[in-house]
1. What's the total number of residues in the stretch B:454-478 that are at the interface with chain A (Cβ under 10 Å from one of its Cβ atoms) and open to solvent by 10 Å² or more (accessible area, probe 1.4 Å)?
2. Checking the structure you have, find out if any residue of the stretch B:526-536 is within 14 Å of another protein chain (Cβ to nearest Cβ), open to solvent by 40 Å² or more (accessible area, probe 1.4 Å) and within 28 Å of residue B:423 (Cβ to Cβ).
3. Go through the stretch A:51-73 and count every residue that is closer than 18 Å to residue B:517 by Cβ and within 11 Å of ligand 8 (Cβ to nearest atom).
4. So, residue B:322, is that one part of a loop (DSSP other than H, G, I, E, B), within 16 Å of ligand 5 (Cβ to nearest atom) and open to solvent by 30 Å² or more (accessible area, probe 1.4 Å) or not?
5. Please specify each residue of the stretch A:37-64 satisfying the condition of being within 25 Å of the chain's Cα centre (by Cα), open to solvent by 50 Å² or more (accessible area, probe 1.4 Å) and away from chain B (no Cβ under 11 Å).
6. Name the residues in the stretch B:390-425 that are open to solvent by 10 Å² or more (accessible area, probe 1.4 Å) and in a helix (DSSP H, G or I), would you?
7. Given (1) assigned to a strand (DSSP E or B); (2) in contact with a Cys (Cβ under 8 Å, 6 or more places away or on another chain), identify the lone condition not met by residue A:31.
8. Filtering the stretch A:98-126 down to residues that are among the polar types (S, T, N, Q) and out of contact with any helix residue (DSSP H, G or I) (no Cβ under 7 Å at 6 or more places or on another chain), which residue is nearest to ligand 1 (Cβ to nearest atom)?
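The values are calculated or read from the model by the stated rules, or taken from the named source; none is laboratory data. The structure displayed is predicted, hence computed values, not measured ones. With ideal geometry, Cβ positions are generated from the backbone for all residues, glycine too; neighbour counts draw on all protein chains shown. Side chains included, ligands, DNA and RNA excluded: accessible areas come from the protein's heavy atoms. Shrake-Rupley method; radii C 1.70, N 1.55, O 1.52, S 1.80 Å.
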Amino acid sequence: MLKLNINGLEIEVEKGTTVLEAAEKAGIYIPTLCYHPDLPTFGGCRVCMVDADSKIVTACRAPVTDGMVVKTDTEDVRKLRLTNVELILASHNQDCQSCSRNNSCKLQEVSAFVGINPERMKRIRRSVEEVPVDVSNPFFHRDHTKCILCGICIRTCEEINGVEAIDFAFRGFHTRVSVLGDKPLKDSKCESCGECLVRCPTGSLFLAEPEFPEREVESVCTYCGVGCGIKLGVRGEKVVKVTGNKDNTVNRGDLCVKGRFGFDFINHPDRLTTPLVKKNGKFEETSWDEALDFIADKMSDIKAKHGADALAAISSARCTTEENYLFQKLMRSMGTNNIDHCARL
Amino acid sequence: MTQKFDRIEKEAREAWEKSENSNTPHIYIGCATCGNATGAQSVVKTIKNKLDEKNIDAVVKEVGCIGMCFAEVLVDVIKPGHPRISYHGVTPETAEEIVESYLVNDDHRPDLALGYFGEGGPDDVEHIESGDVFKNQRRVILKNCGIIDPENINEYIVHGGYRGLAEIIGRKQEEIIDILKDSGLRGRGGAGFPTGRKWESCLRPQADQKYVICNADEGDPGAFMDRSVLEGDPHSVIEGMIIAGYAIGSSKGYFYVRAEYPLAIKRLRKAIEQAKEKNLLGDNILGSDFSFDLEIFQGAGAFVCGESTALVMSIEGNRGWPKPLPRPRTTEEGLWGKPTLLNNVKTFSVVPQILSNGADWFKDIGTEGSPGTAVFALTGKIKRSGLIEVPMGIELGKIIREIGGGILDDKKFKAVQTGGPSGGCLPEDKLDLAVDFDTLVKAGSMMGSGGMVVIDESTCMVDVARYFLDFTFEESCGQCVPCRQGTQQMLEVLNDICEGRGREGDIEHLLELGDSIIKGSICGLGQTAPNPVLSTVQYFRDEYEAHIKDKACPALVCKNLIIFQIDEEKCSACGRCRKACPVEAISGEKKVPHKIDQSKCTKCGICFSECPERFSAVERLTGKEKLAAVSGKEG
Ligand SMILES: Cc1cc2nc3c(=O)[nH]c(=O)nc-3n(C[C@H](O)[C@H](O)[C@H](O)COP(=O)(O)O)c2cc1C
Ligand code: SF4
Ligand code: SF4
Ligand code: SF4
Ligand code: SF4
Ligand code: SF4
Ligand code: SF4
Ligand code: FES
């Protein structure tokens with residue numbers, strides 16, 4: 001264990017701990033923008049700078065050394081952080097009220113912490129590069145004028161999804177996140193998983209149809225047998241948003257494109273909500289009991305007339321493994337091995 | 001090892017002597033990029049044709065840059081029994097004359113000659129080595145540049161080349177590094193890091209592979225020192241790298257050269273081939289069990305790729321972004337994760353001489369903290385621009401006055417900028433500074449890779465700062481906020497100041513920004529980018545204030561802050577300005593003093609330079625008061 005002193009608090013941490021992690025352990029807030037706990041560090045935003053043994057270091061990257069004395073609020077540190085945030089704001093398209101991240105934005109949080117002063121801001125020459133919003137992806141869009149180039153989306157795509165669809169393009173002040181050949185996102189390798197979207201600290205990546213839920217309901221994604229934990233965001237009587245459930249051990253919050261964005265079927269008018277039975281050539285709504293009885297009768301008939309081998313069943317990838325197991329057990333108990341599954345194709 | 005080398009040297013000497021001592025004249029033409037740009041290639045062609053036509057047997061050699069850029073194209077002629085005479089500003093026409101007069105007849109044409117090298121020259125031409133340009137120089141790194149044929153390894157060997165290598169093979173690695181440490185050699189890439197210590201930290205780690213890289217990215221605007229060495233004396237750099245390979249235990253080296261240096265790359269390729277043929281490079285060098293191979297990697301020419309970690313990323317095929325701290329040292333974990341030694345072109349090129357002449361020889365040159373010499377690309381408002389090499393510790397003013405010959409058109413000196421975009425501007429009272437790594441930093445500038453731009457009274461210091469900031473703004477890699485956003489912010493403020501939109505408090509804003517960028521940036525690019533601004537504010541604050549408060553550009557440069565006006569008293573109505581004005585802003589006729597319509601004038605300055613000096617009727621005005629007076633008169 002290593003001992004260190006942060007702002008007068010003595011704490012002990014394990015070897016390999018960063019200053020930021022140590023501060024967190026001590027309950028001390030250090031502003032960060034390009035740091036994300038799921039990802040390797042980047043070190044580009046420079047707002048996490050602190051004084052460690054009288055040297056200015058980035059807390060997110062600097063490892064703790066034994067006996068280190070860290071000061072997170074010296075004159076110098078305050079000034080450096082403030083200037084950095086001011087500089088980010090100088091080319092940031094601030095229209096918080098109409099931004100989907102209003103109230104959950106890291107840049108707002110950090111700005112509030114460093115204390116943006118309108119008098120000082122008057123000196124700043126503002127210039128927001130005009131780059132059109134990439135609306136090619138049907139699920140989420142990219143507004144470059146709100147991007148702070150933290151690289152979190154890029155690292156997410158590489159480290160979490162393993163797709164590497166996006167990267168930094170161009171140079172210096174003209175740097176922006178783009179795809180191979182600077183094409184629209186839809187023409188790239190992007191799988192629309194939305195993992196980048198949920199990690200973006202600002203409103204640069206935003207839902208194409210943003211709706212804020214009133215309440216959340218825990219559930220399981222019905223698309224495949226993985227069974228990712230989700231939270232259905234409900235507004236009124238409608239599901240308006242799906243988020244991955246971080247507490248679910250199956251997916252720890254991650255989702256794929258279907259689970260995250262494919263929820264419009266839930267409130268769709270064409271959706272079947274009760275079983276249907278064909279009577280006189282027309283489907284009619286019925287109860288589960290009646291429907292199951294109907295199936296049981298028919299299957300028994302077929303088995304009696306043509307033997308068990310005349311029965312076949314197809315199960316679904318949208319069921320869990322356990323459900324699929326039970327289903328094949330059921331069919332075998334009826335004497336047939338004719339079982340198939342949609343995911344086999 | 002030396003026995004084998006003795007044989008190589010003997011062969012080289014024989015081949016060389018056969019050509020040198022033959023009773024034929026030798027003609028050397030400066031054909032580095034600088035010479036070629038001034039027309040050296042057509043001079044070469046003319047001379048060869050003329051020699052054919054006159055049936056003269058002579059050896060024509062294309063050599064590197066001798067550093068006297070102000071005098072290009074340079075043609076040196078050695079007639080048997082005569083010293084080397086150097087002709088300057090040679091054109092195809094004068095080239096013919098030189099062949100005709102000097103080689104056919106015996107007239108050495110003092111009217112075309114710059115001077116002679118060596119002993120016993122004619123009285124009517126100057127002895128170059130004792131003239132102002134050369135007497136203050138000390139040629140160590142550049143000693144062969146412009147003297148030997150860079151495409152002929154024999155010439156390099158005859159001039160002492162590869163002996164350093166031959167002598168160290170078989171010796172203990174630590175001994176070699178100790179000599180370097182003792183010599184006090186500091187890296188010539190800008191930061192001046194002790195070379196011996198760097199080599200030592202690369203020798204220490206155990207690894208199955210280590211790499212040696214020569215940094216020839218040379219991205220500073222106006223810098224061409226490294227290019228000249230590669231073009232004029234490529235073998236010296238190659239030898240230095242082989243020695244480094246031996247000393248740290250590496251079998252593979254890379255040249256990182258910007259692709260814009262095609263001639264340097266061509267010469268390097270040729271030199272590598274020749275060294276291999278002679279078993280000075282490649283497998284089992286000089287019969288020993290030491291093998292070393294060299295490869296050329298062409299960089300795309302980004303300034304930031306000269307930074308060590310960005311350079312390594314770039315060779316690995318990644319985006320050339322510097323790695324933020326904390327990061328492993330390149331000497332421990334560099335290219336492909338292996339221990340890697342990175343040095344500048346000039347650093348490698350001086351190593352062989354240190355090893356063959358000894359550490360004391362090197363320490364005798366220069367200052368205690370910065371032994372050796374400094375190579376500068378001397379440019380700007382100076383009479384004699386060019387590539388110079390001076391002992392460290394030389395007085396700054398001496399470089400400008402004596403080597404450079406003083407200010408162009410005898411204007412007044414204002415400042416000297418060293419260190420390129422990372423450096424600063426020093427005013428007149430710093431001219432007695434003894435130039436070395438440390439004194440320059442203390443004065444607010446730095447050695448950098450060796451740019452030295454002389455600035456005269458007709459240059460606006462805010463505009464100079466803006467020029468350099470524009471460069472770093474364009475070259476910032478974009479990774480970190482202070483540099484990416486900060487250089488842009490500084491540039492915007494400087495643009496505003498130069499264009500008359502400067503505000504009260506801008507100077508403080510710039511100083512604060514500078515401080516944050518220096519302290520907060522990831523790499524040396526950002527960490528030094530504010531220097532040109534900070535040093536000009538430090539030494540020329542009044543110019544900034546004039547721009548901001550009085551909307552005046554004291555040097556009469558910033559277009560938005562000046563107007564052109566014709567002094568009726570002085571105007572002789574010659575009409576030249578009227579005819580020359582591209583936007584027809586000038587009215588007047590014969591005998592009527594001319595007048596500029598300010599609403600049409602685009603401030604191109606043509607009328608100012610057109611008006612004959614004896615009238616000097618066009619004047620530039622600046623400052624709120626004067627401009628108000630003019631617009632009042634008009635209104
Ligand atoms: C932005 C930047 C650009 C650089 N460009 C060069 C260059 O073009 N050539 C060079 O030798 N060193 C350059 N350097 C310095 C190198 O990082 C490194 O210190 C040097 O090559 C080491 O060689 P030396 O010890 O022989 O000086 C640059 C550094 C920075 C930060
Ligand atoms: S990204 Fe954040 S700071 Fe920017 S507009 Fe949106 S809420 Fe405001
Ligand atoms: S949506 Fe997924 S695949 Fe597409 S860019 Fe983002 S992380 Fe990569
Ligand atoms: S889009 Fe978001 S996550 Fe990606 S770099 Fe910009 S701010 Fe960071
Ligand atoms: S200081 Fe500039 S060049 Fe260096 S890493 Fe930061 S942005 Fe890139
Ligand atoms: S400065 Fe140019 S545009 Fe203006 S009057 Fe003179 S020549 Fe014409
Ligand atoms: S060139 Fe000079 S002297 Fe001639 S008309 Fe113009 S201002 Fe007058
Ligand atoms: S959070 Fe540490 S540098 Fe961005």
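1. 4
2. Taking every residue of the stretch B:526-536 in turn, at least one turns out to be within 14 Å of another protein chain (Cβ to nearest Cβ), open to solvent by 40 Å² or more (accessible area, probe 1.4 Å) and within 28 Å of residue B:423 (Cβ to Cβ).
3. Summing the residues that are closer than 18 Å to residue B:517 by Cβ and within 11 Å of ligand 8 (Cβ to nearest atom) in the stretch A:51-73 gives 2.
4. Judged against the criteria, residue B:322 is not a match.
5. Of everything in the stretch A:37-64, those that are within 25 Å of the chain's Cα centre (by Cα), open to solvent by 50 Å² or more (accessible area, probe 1.4 Å) and away from chain B (no Cβ under 11 Å) turn out to be A:37, A:38, A:40.
6. Passing the criteria: B:398, B:401, B:402, B:408, B:409, B:410, B:422.
7. The number of the failed condition is (1).
8. If we take residues in the stretch A:98-126 being among the polar types (S, T, N, Q) and out of contact with any helix residue (DSSP H, G or I) (no Cβ under 7 Å at 6 or more places or on another chain), then A:117 is nearest to ligand 1 (Cβ to nearest atom).
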